[in-house]
Amino acid sequence: MAAKLTEPHRLLGLTRAADLVLHLPLRFEDETRLTPFAALRPGEVAQVEGVLTHKEQQRGSRSQLLFEIEDATQQRLRIRLLHFRPNQAAALTPGVTVRAFGEARPGLFGMEMVHPRYRVLRPSTALPKTLTPVYPSVAALSQYRLRQAIDAALDRAELADSLPEPLRQRLGLPEFAATLRFLHHPPANADTTLLELRQGPAWARLKFDELLAQQISLQRAAALRQHQPAVPLDDVEALSPRLLAALPFTLTAAQARCLDEIRADLAAPHPMHRLLQGDVGSGKTCVAAACAALAVGSGRQAALMAPTELLAEQLYQKLHDWFTPLGVAVVWLSSAVRGKARSAALATLADGSAAIAVGTHALIQDDVSFARLGLVIVDEQHRFGVEQRLALRSKSETTLPHLLMMSATPIPRTLAMSYYADLAISSIDSLPPGRTPIETRVMSDARRPEVIARLAEFCAGGGQAYWVCPLIEESEKLDLKAAIDTHAEIRAALPQLVIGLVHGRMKAAEKAAVMAAFKAGAINVLVATTVIEVGVDVPNARLMVIEHAERMGLAQMHQLRGRVGRGARASSCLLIYSNPIGAVARERLAILKDSQDGFAIARHDLRLRGPGERLGARQSGQQLLRFADIEADAPMLEPAGQAAAELLRNHPDAVARHLDRWLPGGEARLYA
Ligand code: ADP
Ligand code: MG
């Protein structure tokens, strides 16, 4: 409903009564009782009332208005106003009753209040029965006016419950209207700490409602999708088996199972929504390639998008190597591909002569179009925003393409529920054979000479090593300098060895040449920026040193570490930190030392880093939520999902009311 409310709250973007009632207090002030002057304690915020007995105005550079009030017990209290208007001063005459709310402080003549909020009122004016809300606001909008607007809205807005009564009772949640009245005007004895922490039954109801709106939207979008046609990818040309036969290994049981699950989805005439998750090194790439082959073998195109140039390039390299012998053209697109090369690449995608596109965000530019896109694969999906993922999917002119997302970071079921109601998950839950555990040690930078000695010894025995310098996201230049300096340092320390350098600023061909030399054994130690996160496999590289480990994310280091331990012989990883290092940083490094399980590492990382930077969930599930927290309130998601299904099935009116309340003006489409 669009009750028309005039002015001030529009400053806060609150246009409807329904929006105003969901603008909730930050905290409360207790104006329900009066404190006798004798009971005032220094520093305590209190409400007092008394009759004005004496007033004096101090002029000069710091004009002040001083007055005294007397309470029922004949105690007196001084009040000092630091700035005031003439009409305010005039209203404060002896005999009037003054009610003030402020902090008591010891003064020269006993307790006083400096510049409290005050009102002149008729004697024995009733006290409010409920706590006074303090709302988030802006300077131009006073609490007083905002309260008025919200109170008016509470009277006017449609507060009918959107949960059918039996369902509400089953969930044990309070009524909607009562919840709002309580949250805006809690009784004097309410637990304000709990309210300010946004906990307790009333807040649970609001958070539930918000999640319910999300779940309704997601389920509706999913239902629409499930009725939308997609081209079944049945691989009539049997390209996928040919690709698998040409790989230098056979799929592990876990890979084969995941591929079967995906193949079944792709054979259906509706768009797939599946997440393929598996720890770093679990072999997602060849499963993705087999999926691309299923599309191409069905006369369709496949597009693979990765979040960084390097990840994308690595993907491209592998797909190019695997598909070219099968006569399938793979096209590379990144922001570095410009001019004629770009036009040529775009032309082959638009006319269908290239079957597979691999690239970065460059794939979702407006001028990229596909002749017959059948499958979209998004690697490291959590590093993309919702819009970006949707943008690639919308590249198909006619029917929706199937969507496969991939992630090395495990996504709890509840989080997945906040991405897509119909997201299916396949997990590659074991690593390919022949991996040996990596011995990980944590050392201070003070022991650098020892590390270099160990490196020398290791290389003398024929081993090869990586020396990784940290990625400093904000400054690629510094990043580069660190790598260049370290390269020079190690070269000087170990003149008998060949020390290579690879970093993100090098041209693709240069990088490839260095990596090839390393793979061929012509380089002993490769100093690198985090480029090698995605570097080629070098089974003989069995030692990795990671500098400034305290600065890096655990998941990222786990990925890096995955570059060693590829052969049958034992490998090790040295995590070097610079002092000073905090307790949490120390604990983080210990986790990496003790665990090789990417899922467990991700969980710990989450726990230690706390809210804020979690699994990229903020980019999707969280971004439209005001009150609920995707992780803290995860236990509510499952019941919210069930309630959403029930409402969609049996209570269309309630659905309409609920979405209008929580996602007005078509915001629900953001969940599509
Ligand atoms: P991620 O899941 O981290 O993307 P990759 O797909 O890059 O992992 O695979 C990691 C390495 O494991 C690659 O070198 C790949 O060739 C190898 N690999 C993948 N599957 C198998 C397998 N079934 N047997 C042996 N090696 C495999
Ligand atoms: Mg990968």
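Would you say Ala371 is surrounded by fewer than 19 Cβ atoms within 10 Å (Cβ to Cβ), away from ligand 1 (no atom under 16 Å from the Cβ), over 29 Å from Gly278 (Cα atoms) and without any contact (Cβ under 8 Å) to a residue 60 or more places away in the chain? No.
Would you please name the residue that is surrounded by the most Cβ atoms within 10 Å (Cβ to Cβ), looking only at residues in region 225-260 that are more than 37 Å from the chain's Cα centre (by Cα) and free of Cβ contacts under 8 Å to residues at least 24 places away in the same chain? Residue satisfying both the conditions and the ranking: Pro241. For region 222-244, the criterion of being touching a Phe, Trp or Tyr at 6+ places or on another chain (Cβ under 7 Å), at pLDDT 90 or above and closer than 30 Å to Arg566 by Cβ is met by at least one residue. Kindly check whether there is at least one residue in region 349-361 that is more than 16 Å from ligand 1 (Cβ to nearest atom), over 29 Å from the mean Cα position of the chain (by Cα) and of a type in the set (Ser, Thr, Tyr). Among the residues of region 349-361, at least one is more than 16 Å from ligand 1 (Cβ to nearest atom), over 29 Å from the mean Cα position of the chain (by Cα) and of a type in the set (Ser, Thr, Tyr), which makes the answer yes. Yes or no: region 320-327 includes at least one residue that is assigned to a helix (DSSP H, G or I), within 16 Å of ligand 2 (Cβ to nearest atom) and surrounded by fewer than 16 Cβ atoms within 10 Å (Cβ to Cβ). Yes: region 320-327 contains one or more residues that are assigned to a helix (DSSP H, G or I), within 16 Å of ligand 2 (Cβ to nearest atom) and surrounded by fewer than 16 Cβ atoms within 10 Å (Cβ to Cβ).
Test Leu173 against the criterion of being assigned to a loop (DSSP other than H, G, I, E, B) and modelled with pLDDT under 95, and give yes or no. No: the conditions fail for Leu173. The residues on offer are Leu400, Leu390, Leu315, Leu404, and the sole one that is modelled with pLDDT of 85 or more, away from ligand 1 (no atom under 16 Å from the Cβ) and either over 22 Å from Ser217 (Cβ atoms) or within 30 Å of the chain's Cα centre (by Cα) (or both) is Leu400. Close Cβ contacts (under 6 Å, 6 or more residues apart or on different chains) running from residues in region 550-564 that are over 16 Å from Ala600 (Cα atoms) to residues that are modelled with pLDDT of 80 or more and assigned to a helix (DSSP H, G or I) comprise Glu550/Ala585.
Return yes or no: is Asp209 crowded, with 20+ Cβ neighbours inside 10 Å, acidic (Asp, Glu) and at pLDDT 95 or above? Let's see the steps before the verdict.
Working: crowded, with 20+ Cβ neighbours inside 10 Å: yes; acidic (Asp, Glu): yes; at pLDDT 95 or above: yes.
In short, yes.
From the list Thr399, Thr414, Thr436, the one residue that fits, being surrounded by fewer than 21 Cβ atoms within 10 Å (Cβ to Cβ), touching a residue at least 40 places away in the same chain (Cβ under 8 Å) and either within 16 Å of ligand 2 (Cβ to nearest atom) or part of a helix (DSSP H, G or I) (or both), is Thr414.
So, in region 36-68, how many residues would count as being without any contact (Cβ under 8 Å) to a residue 40 or more places away in the chain and in contact with a strand residue (DSSP E or B) (Cβ under 6 Å, 6 or more places away or on another chain)? Can you show your working first?
Filtering region 36-68 down to residues without any contact (Cβ under 8 Å) to a residue 40 or more places away in the chain leaves 36, 38-39, 55-68.
From the residues that got through so far, the ones that are in contact with a strand residue (DSSP E or B) (Cβ under 6 Å, 6 or more places away or on another chain) too are 55-58, 64-68.
Going through region 36-68 one residue at a time, the tally reaches 9.
Can you tell which of Thr324, Thr285, Thr308 is β-branched (Val, Ile, Thr) and closer than 21 Å to Gln255 by Cα?
Working: Thr324 fails: closer than 21 Å to Gln255 by Cα; Thr308 fails: closer than 21 Å to Gln255 by Cα.
Thr285 is the lone residue from the list that is β-branched (Val, Ile, Thr) and closer than 21 Å to Gln255 by Cα.
Just one of the listed residues (Ser335, Ser298) is farther than 19 Å from Leu404 by Cα and either away from ligand 2 (no atom under 16 Å from the Cβ) or assigned to a helix (DSSP H, G or I) (or both), namely Ser335. Note on region 407-429: residues that are acidic (Asp, Glu) and within 16 Å of ligand 1 (Cβ to nearest atom) amount to 1. Scanning region 547-583 for residues that are in a strand (DSSP E or B) and of a type in the set (S, T, N, Q) yields a count of 2.
The values are calculated or read from the model by the stated rules, or taken from the named source; none is laboratory data. Small disclaimer: the values here were computed from a predicted structure and weren't measured. Glycine gets a Cβ as well: all are built from the backbone with ideal geometry, and neighbour counts include every protein chain shown.
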